[in-house]
Structure formats: C-alpha cells, structure tokens
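Quick notes on the structure that follows.
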Amino acid sequence: MKKALHEQKEVFIYESQGKVHIWNHFAEEILECANKGLKNESAGSIFEDIIYKNLSEWLKRYLQEGVTDAFLDDLNSAIHEIRYSKYILPIDLLPSETGFPKNAYSAQYDESTEPEALAADDFSKLLTSGKLKRLKRCQLEGCEKFFLGPPQARWCSKTCGSKHRVAKKRKRDSSR
Ligand SMILES: [Zn+2]
C-alpha cells in the first residue's frame, strides 16, 4: 500500500485476486473513461467498454436529474452486488484527529463482478467525493464531453471554445 492518503476523508480499498489495492483514481481519469464511453470509443475489451458506457450514463443522468431519491435508489441497487469488508487502517496510512485508527471499507472484486456494478461503484465514489459539483458538459455540438470546471465554463478545452467561435461567425456570415 502506498502512503499518500493525507487530506483524504474517505479511503477506498479494493481486493482483487487476493491482493489489496488503494483505489486512488482521480476524478479526471474517471471522466476520461466516461468520455470514451460517450463516444463509443473502444477501451480494448468489451468488459471495459461496458464500464465506460455505464459511467457516461450515470454522469448524464446526474446532470439531468441531480441527486433525487429515485437516482439514489437506482445507484444503490446497482452497487448492491459489490461486497465490502471492513478494514482498520494504521494511523500512518490514514491520519486521524482522535489519534485512533479509522475505518475503511474494502470492495471485493472478483471474476463474477459485473461491469455495470463496477461502473456504479466508481460513479458512487465520484459522487460522495463532492467533485461532481464542478461537473459540466462541453457545449460544443459534437463534443459534449464531460469535464470539471468553474460555473461559467462552457467548453472542455480551448480548442472547443475556438471551434465554437468559428462556427458562430460562419453562421453569422452566411445569414447575411
Ligand atoms: Zn469539447
């Protein structure tokens, strides 16, 4: 296990093939996967493709309806099949205000874990991290990628911003 968990309120661990890993993907990485799912870009395996596609569906739905009770019901049933077990982490790994070790929960991933459940599990981590406060979708037609940005951000990149301006100008010119 890596020792880089300070400032992390929640620690996610997962076990796969008998090994324990710290789940420390950045929100940006997950969004990148979701964007691949959005564009139907193949991730290399059908299993991953399903994860990516499902991630993008969760994000879309989150942007459309927000965290409603129905949304949480569906999310909870999607993650239900993933089993978690409890871990008590040493203080040097997860510092605590009280000076006593804290809880962490470890997901048990195995061959029977469905990609849909993995996607929901990943999405749920994004959701509880609070990062989705900054979730946006690029407003350039044909891009529409997910990204994290300030409230006024409209495009996922400078490229998309200038493409938008060019398209707008062209529209204006042709309507003259
Ligand atoms: Zn874009």
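Derivation of every value follows stated rules applied to the coordinates shown; laboratory data play no part. Since the structure is predicted, the reported quantities are computational estimates derived from the model, not experimental observations. So basically every Cβ, Gly included, is an ideal-geometry build from the backbone, and we count neighbours across all protein chains shown.
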Report the full-extension gain for the segment A43 to D92: residue separation times 0.36 nm, less the Cα-Cα distance, to one decimal in nm. 14.0 nm
Rg/Rh for segment 69-146, where both radii come from Cα atoms and Rh is the Kirkwood radius: 1.10
List, in order, the whole-Hz ³J(HN,Hα) value for each residue of segment 101-108 obtained from phi through the Karplus relation with A = 6.51, B = -1.76, C = 1.60 and θ = phi - 60°; use x for Gly and Pro. x, 10, 7, 9, 10, 10, 7, 9
Most exposed to least, judged by fewest other Cβ atoms within 10 Å, K36, K86 sort to K86, K36
Can you give the net charge of the other residues whose Cβ lies under 10 Å from the Cβ of I50, counting K and R as +1 and D and E as -1? -3
Relative exposure of R137, R83, judged by other C-beta atoms within 10 Å (fewest first): R83, R137
Using helices alone, I'd like the mean residue ellipticity at 222 nm for the chain: each DSSP H run of four-plus residues gives -39500 (n - 2.57), total over residue count, nearest 500. -14000 deg cm²/dmol
As a test, work out the antiparallel percent of DSSP beta bridges whose residues both lie in the chain, rounded to the nearest 5. 75
Given the options C138, N35, S175, identify the residue whose Cα lies farthest towards the positive end of the charge dipole of the chain (+1 on Cβ of Lys, Arg; -1 on Cβ of Asp, Glu). S175
Compute the helix-to-body angle for 69-79: its Cα long axis versus the longest principal axis of the chain, expressed 0 to 90° and rounded to tens. 60
Please give me the summed charge of the neighbours of S106: other residues whose Cβ is under 9 Å from its Cβ, Lys and Arg +1, Asp and Glu -1. 0
Alpha-carbon centroids, segment 116-176 and segment 32-54: separation in whole Å: 18
Exposure proxy check: W23, W58 ranked by fewest other beta carbons within 10 Å? W23, W58
In degrees between 0 and 90, to the nearest 10, how far off the longest principal axis of the chain does helix 115-129 point, with axes built from Cα atoms? 90
Taking the convex hull of Cα positions in the chain, its mean projected area over all directions (nm²): 13.1
For the chain, which cysteines have no disulfide-compatible partner, meaning no other cysteine Cβ under 4.7 Å? C33, C160
Filter K36/K158; K19/K136; K131/K158; K131/K163 down to the pairs with a C-alpha to C-alpha distance above 29 Å, please. K19/K136
